[in-house]
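Data block below; observations after.
Rule-based calculations on the coordinates, nothing more; no lab input. Computed from a predicted model, the values in this text were never measured in an experiment. Ideal geometry is used to build each Cβ from the backbone, glycine not excepted, and the neighbour counts take in all protein chains shown.
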Amino acid sequence: METTNCALLTNQGQFTVFKYGDRVIRFRAPYSLEKYTEVKTWDHGYIVVMAKYAHNDKSEEDYIDLVPILEDLYINPDVFLKPIKQVTIE
């Protein structure tokens, strides 16, 4: 997979961080999130991830919908998300 078509997902403190190209989008993460462990599915802004939370010994499935976040930031979701073919954990 071309790295130009790959976005990165991680967390920093209380924030989830989504990086693509020269854009870095930060938004509030669940309070007990320790780390994202796997991206299971990427579907044009909708991400199914496995995440490790402080209250659970094992990773559990969680969901991130970037479309409303992008719209709140006045970023056109269709234009921004179109070239992204893959999301990986940083």
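Residues whose amide H falls under 5 Å from that of K35, counting only those 5 or more places apart or on a different chain, are K52, with hydrogens built in the peptide plane. Under a model in which nothing but the beta-carbon of Lys, Arg (+1) and Asp, Glu (-1) is charged, segment 3-89 shows a dipole of about 280 debye around its Cα centre.
What is the order of S59, S32, fewest Cβ neighbours within 10 Å to most? Mind dumping the intermediate values first?
On the way: S59 16, S32 11.
The fewest-first ordering by Cβ neighbours comes to S32, S59.
Shape call for segment 28-67 from the C-alpha gyration tensor, a ≥ b ≥ c root eigenvalues: rounded (a/c under 1.5), prolate (a/b greater than b/c) or oblate? In terms of gyration-tensor shape, oblate. Lysine pairs in the chain whose alpha-carbon atoms fall under 25 angstrom of each other, counting only those eight or more residues apart or on distinct chains, come to 13. Summing charges over neighbours of S32, with a neighbour being any other residue whose Cβ is under 13 Å away from its Cβ, gives -1 when K and R count +1 and D and E count -1.
Stokes-Einstein at 20 °C, 1.002 mPa s, Kirkwood radius from Cα pairs: D for the chain in µm² s⁻¹? The estimated diffusion coefficient comes to 160 µm²/s.
Among the trypsin sites (Lys or Arg not before Pro) within the chain, those in coil by DSSP and having at most 13 neighbouring Cβ atoms inside 10 Å are K58, K85.
Going by how many other beta carbons lie within 10 Å of each one, how would you line up H44, H55, fewest first? Don't jump to the answer; show the numbers that get you there.
Details: H44 11, H55 8.
By the 10 Å Cβ count, ascending, the order reads H55, H44.
Computed from backbone phi with θ = phi - 60° and the Karplus coefficients 6.51, -1.76 and 1.60, the 3J(HN,Hα) list for segment 23-40 is 9, 10, 10, 10, 8, 4, 9, x, 4, 9, 5, 9, 5, 8, 10, 6, 9, 8 Hz; x is used for glycine and proline.
Calculate for the chain the 222 nm mean residue ellipticity that helices alone would give, adding -39,500 (n - 2.57) per DSSP H run of length 4 or more and normalising by residue count, nearest 500 deg cm²/dmol. Write down the numbers at each step before the final one.
Working: 2 runs with 12 residues, N = 90.
Taken over the chain, the calculation gives -3000 deg cm²/dmol.
In plain terms, the chain is cut at each of the chymotrypsin sites (Phe, Trp or Tyr not before Pro) found in a DSSP loop with at most 13 other Cβ atoms within 10 Å, and the longest leftover piece is 32-73.
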